Structures are given as structure tokens and as C-alpha cells.
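The values are calculated or read from the model by the stated rules, or taken from the named source; none is laboratory data. Computed from a predicted structure; not experimentally measured. Here the Cβ positions follow ideal geometry from the backbone for every residue, glycine too, while neighbour counts run over all protein chains shown.
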């Protein structure tokens with residue numbers, strides 16, 4: 001299997017401080033995390049280098065299926081306020097213990113991934129570039145792109 005990297009860019013019609021807050025403030029993050037149809041019942045963020053996070057995304061993967069929780073955890077590797085976040089990303093149980101992706105039926109992701117978010121001011125707007133490393137197949141790369149873009153659509157609505 002190869003190790004795919006997903007790179008997405010999005011320009012938000014909002015100042016950089018609002019986009020930064022959407023990523024770093026648990027109350028704001030909770031409003032947009034997860035694709036359309038998903039909620040975020042638990043968001044814990046310890047925003048410091050080495051600080052941990054635990055996020056829960058709740059939803060159904062298919063019509064008619066009951067909702068289930070998808071937990072992720074990791075730690076912040078780099079923080080440049082208003083400009084850049086780098087964090088590790090792993091699936092987890094509800095206590096924050098890392099689990100294999102197969103725990104959630106996803107065998108085409110690395111056990112530990114890395115996400116980088118970079119923000120650039122463009123006048124009154126903000127350009128965000130997300131890099132997600134550790135996707136093992138083209139299909140998972142495509143699925144993650146759909147999920148991230150759906151989440152960013154939600155973010156776009158809350159930061160205006």
C-alpha cells in the first residue's frame with residue numbers, strides 16, 4: 001500500500017482570527033466538526049505543543065443505520081498562533097486510548113496520521129490549506145476529501 005497525502009485549500013470570507021478560533025476553541029470546533037449529518041458531542045482541546053485532544057464525531061455511515069461514535073485523539077506537534085497547527089491523528093476509544101482504524105471498519109488508513117492546517121490572510125478573507133498524511137489508498141483519500149470538504153462547508157456557515 002502507498003501512503004497518500006491529501007491537500008485541500010479553501011478560502012473563507014472571514015478574518016484569520018475567526019478561522020483560527022474555529023480550529024482551536026472547543027465550543028467553536030464543536031459547531032462544525034464532522035461532515036453534514038454528523039454532530040460533535042465531545043470536543044476536548046489542550047492547545048499547547050504536546051497537548052492532547054479528544055474529539056467525538058457522531059452520525060450514521062448509511063441511511064437506516066443507527067448513529068455511532070467515532071473518536072479521534074492525538075497531540076499538537078507545532079502551533080504558530082493564527083498561522084499554523086500540526087497535530088497527530090489516531091482513532092481512539094471514548095477514553096482517548098488509540099485504536100487501530102479497523103476498530104471502526106477502516107483498514108485503509110495508517111494507525112497514526114498527521115494533519116497540518118495553515119492560514120494566510122488575503123485581505124478580509126482567509127486562505128486555509130489542510131494537509132492530511134497517512135491515507136493508504138486512493139479511495140480513502142477521496143473519502144477523506146469528501147468528509148473534510150463537508151465539514152468545511154459547515155465551518156464556512158459559522159465563521160461569518
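Within segment 73-87, which residues are in contact with a helix residue (DSSP H, G or I) (Cβ under 7 Å, 6 or more places away or on another chain) and surrounded by 17 or more Cβ atoms within 10 Å (Cβ to Cβ)?
So in segment 73-87, the residues in contact with a helix residue (DSSP H, G or I) (Cβ under 7 Å, 6 or more places away or on another chain) come out as 82, 85.
Matches in segment 73-87: 85 only.
Does any residue of segment 97-111 turn out to be within 23 Å of residue 155 (Cα to Cα), within 15 Å of the chain's Cα centre (by Cα) and in a strand (DSSP E or B)? Full working, then the answer.
Start the filter on segment 97-111 by keeping residues that are within 23 Å of residue 155 (Cα to Cα), which leaves none.
No, that holds for no residue.
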Can you tell me which residues in segment 124-144 are surrounded by fewer than 16 Cβ atoms within 10 Å (Cβ to Cβ) and in a helix (DSSP H, G or I)?
138, 139, 142
Under 6 Å by Cβ, and 6 or more places apart or on different chains, what pairs join a residue from segment 86-115 that is on the phi < 0 side of the Ramachandran plot and in contact (Cβ under 8 Å) with a residue 60 or more places away in the chain with one that is surrounded by fewer than 17 Cβ atoms within 10 Å (Cβ to Cβ) and assigned to a loop (DSSP other than H, G, I, E, B)?
108/137
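Yes/no per residue for (1) surrounded by fewer than 16 Cβ atoms within 10 Å (Cβ to Cβ); (2) out of contact with any helix residue (DSSP H, G or I) (no Cβ under 7 Å at 6 or more places or on another chain); (3) at pLDDT 90 or above:
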{"position": "63", "(1), (2), (3)": "yes, yes, no"}
{"position": "71", "(1), (2), (3)": "no, yes, yes"}
{"position": "92", "(1), (2), (3)": "no, yes, yes"}
{"position": "108", "(1), (2), (3)": "no, no, no"}
So, in segment 12-55, how many residues would count as being outside any strand (DSSP E or B), surrounded by fewer than 18 Cβ atoms within 10 Å (Cβ to Cβ), modelled with pLDDT of 95 or more and more than 13 Å from the chain's Cα centre (by Cα)?
13
Residue 83: modelled with pLDDT of 95 or more, under 13 Å from the mean Cα position of the chain (by Cα) and under 26 Å from residue 123 (Cβ atoms), yes or no?
no
